[in-house]
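Down below is the structure, laid out as structure tokens.
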Amino acid sequence: ASLPVSMSCLEEKNHVDERVSRFVMPIGATINMDGTALYEAVAALFIAQVRDVPYSFGSIIAVSITATFASIGAAGIPQAGLVTMVMVLDTVGLPAEDVTLIIAVDWLLDRFRTTVNVLGDAIGAGLVEHLSRRELDQLGEAETVKMRKQSVAERTKDWSNTPL
């Protein structure tokens, strides 16, 4: 639901090229779930602390990697992180029913997750535009020349059909 507003803000307020924002933002909204990955990793570590389960550096890395991959597969809908949280908890060996500890505050955390996700997508679009500015300018010039040639060809074609 935030995608049209995000693209509009990028194009109108931040002057990101619309070709970039309209290509990068939908991909980012689907794949780039930074907030969800952070949420799942922190929530799994919180549940481990509540259960007094000791965790090592290796288990923290395993949770982080699993949360990152699980967030890529998470849908961009409210409370989708709760579904993938079960995979992350399973990685650490925590029971899936511990997700209920998070449900009470998930509605609030979901707003922060969405903010981080959208901000990450916008920064990615800005970075892509910055790094490809020269190519975009060249494409823009080539497109303008092509459109002018087509316009001239269409006008001259119309002249050949006139009776005069």
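The values are calculated or read from the model by the stated rules, or taken from the named source; none is laboratory data. Owing to the predicted nature of the structure, the values given are computational and were not obtained by experimental measurement. Every residue, glycine as well, gets a Cβ built from its backbone with ideal geometry; the counts of neighbours run over all protein chains shown.
Kindly provide the set of residues from the stretch 64-117 that are in contact with a Ser or Thr (Cβ under 8 Å, 6 or more places away or on another chain) and exposed (fewer than 15 other Cβ atoms within 10 Å of the Cβ), ordered by number.
73
Which one of 119, 127, 101, 82 is within 20 Å of residue 41 (Cβ to Cβ) and at pLDDT 90 or above?
After applying the criteria, what remains is 119.
Could you please tell me which pairs satisfy a Cβ distance under 9 Å, a separation of 6+ or placement on different chains, a first residue in the stretch 12-34 that is of a type outside the set (S, T, N, Q), and a second residue that is surrounded by 13 or more Cβ atoms within 10 Å (Cβ to Cβ) and not in a helix (DSSP H, G or I)?
Between residues of the stretch 12-34 that are of a type outside the set (S, T, N, Q) and residues that are surrounded by 13 or more Cβ atoms within 10 Å (Cβ to Cβ) and not in a helix (DSSP H, G or I), the close pairs are 17/132; 20/132; 24/16; 29/2; 29/76; 33/74; 33/76.
Would you mind telling me which numbered condition in (1) among the aliphatic types (A, V, I, L, M); (2) farther than 30 Å from residue 137 by Cβ; (3) surrounded by 15 or more Cβ atoms within 10 Å (Cβ to Cβ) residue 3 fails?
Of the numbered conditions (1) among the aliphatic types (A, V, I, L, M); (2) farther than 30 Å from residue 137 by Cβ; (3) surrounded by 15 or more Cβ atoms within 10 Å (Cβ to Cβ), the odd one out for residue 3 is (2).
Given the criteria surrounded by fewer than 14 Cβ atoms within 10 Å (Cβ to Cβ), in a helix (DSSP H, G or I) and out of contact with any Lys or Arg (no Cβ under 7 Å at 6 or more places or on another chain), does residue 52 qualify?
no
Is it the case that residue 63 is assigned to a helix (DSSP H, G or I) and either among the aliphatic types (A, V, I, L, M) or under 24 Å from the mean Cα position of the chain (by Cα) (or both)?
Yes.
Report yes if some residue within the stretch 7-22 is of a type in the set (S, T, N, Q), loosely packed, with under 13 Cβ neighbours inside 10 Å, in a helix (DSSP H, G or I) and at pLDDT 90 or above; otherwise report no.
yes
Tell me which residues, restricted to the stretch 86-107, are out of contact with any helix residue (DSSP H, G or I) (no Cβ under 6 Å at 6 or more places or on another chain) and of a type in the set (Gly, Ala, Ser).
93, 104
Just the residues that are touching a residue at least 24 places away in the same chain (Cβ under 8 Å) and either part of a loop (DSSP other than H, G, I, E, B) or acidic (Asp, Glu) (or both), please, taken from the stretch 114-136.
Matches in the stretch 114-136: 121, 129, 132.
Checking residue 112 against (1) under 30 Å from residue 132 (Cβ atoms); (2) modelled with pLDDT of 90 or more; (3) under 16 Å from the mean Cα position of the chain (by Cα), only one condition comes out false. Which one?
Every condition holds for residue 112 apart from (1).
Quick grid of which residues meet (1) within 21 Å of residue 118 (Cβ to Cβ); (2) at pLDDT below 90; (3) of a type outside the set (Ser, Thr, Tyr):
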position	(1), (2), (3)
47	no, no, yes
71	yes, yes, no
74	yes, yes, yes
91	no, yes, no
